1. Of everything in the stretch 53-70, what is part of a helix (DSSP H, G or I) and exposed (fewer than 12 other Cβ atoms within 10 Å of the Cβ)? Give them in sequence order.
2. How about the stretch 54-99: which of its residues are in contact with a Phe, Trp or Tyr (Cβ under 8 Å, 6 or more places away or on another chain) and closer than 29 Å to Cys3 by Cβ?
3. Does Lys73 satisfy being of a type in the set (Lys, Arg), at pLDDT below 80, part of a helix (DSSP H, G or I) and over 19 Å from Ile124 (Cα atoms)?
4. Give the residues of the stretch 79-124 that are farther than 20 Å from Leu140 by Cα and not in a helix (DSSP H, G or I), sorted by residue number.
5. Are any residues in the stretch 85-113 within 30 Å of Ile51 (Cβ to Cβ) and surrounded by 14 or more Cβ atoms within 10 Å (Cβ to Cβ), and if so, which ones?
6. Filtering the stretch 100-148 down to residues that are closer than 12 Å to Phe88 by Cα and among the hydrophobic types (A, V, I, L, M, F, W, C), which residue is nearest to the chain's Cα centre (by Cα)?
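The values are calculated or read from the model by the stated rules, or taken from the named source; none is laboratory data. Please read all numbers here as calculations on a predicted model, not as lab measurements. When we count neighbours, we look across all protein chains shown, and the Cβ atoms used for this are built from the backbone with ideal geometry, even at glycine.
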Amino acid sequence: MFCPNCGEKIDNNATYCPVCGHNLSNIRGISGRKTKKSKAKTLKCPECGKIIDSNFTVCPYCNHNFTEATIKKELEFEQKRKEEDNNFTYAIITLIFSFIIPIVGLILAFMFVNKDKSGRYRTIYILSLVFSSLIIIFYLFLIILSFR
């Protein structure tokens, strides 16, 4: 079946178009379910596992009814997961820079060590601080020896 509003191919059992949110209930005579008016984000339906627009109050695939608390909880979980992914990425980049450009690694480690609220990657940041410091001291030692 195709959405009459945007023309995208959609599931035959969908109540709403997952692309544009168009209500398909009037096409099949199903009672309409209104969507919330908020900034669109995606969340995972706990019933069928499909990724849908957070504006839906009912999953267009399985008709699972969302409550405000469920949607808020899912969005908060998704936000925390993205922050964790970012923290891991920052920690690895900091560690890499500690070896390649130690002064940059040192600066990044100082910047991000306190931004990691969960503390899961604090060890990586501390290692970055240690490696950067040791490499900088080694470079300074080499510079001092080269002038003798």
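1. So in the stretch 53-70, the residues part of a helix (DSSP H, G or I) come out as 68-70.
Matches in the stretch 53-70: Glu68, Ala69.
2. Phe56, Thr57, Val58, Cys59, Pro60, Phe66
3. Details: of a type in the set (Lys, Arg): yes; at pLDDT below 80: yes; part of a helix (DSSP H, G or I): yes; over 19 Å from Ile124 (Cα atoms): yes.
It is true that Lys73 is of a type in the set (Lys, Arg), at pLDDT below 80, part of a helix (DSSP H, G or I) and over 19 Å from Ile124 (Cα atoms).
4. Val113, Asn114, Lys115, Asp116, Lys117, Ser118, Gly119, Arg120, Tyr121
5. Asn87, Phe88, Tyr90, Ala91, Ile93, Phe112
6. Phe112
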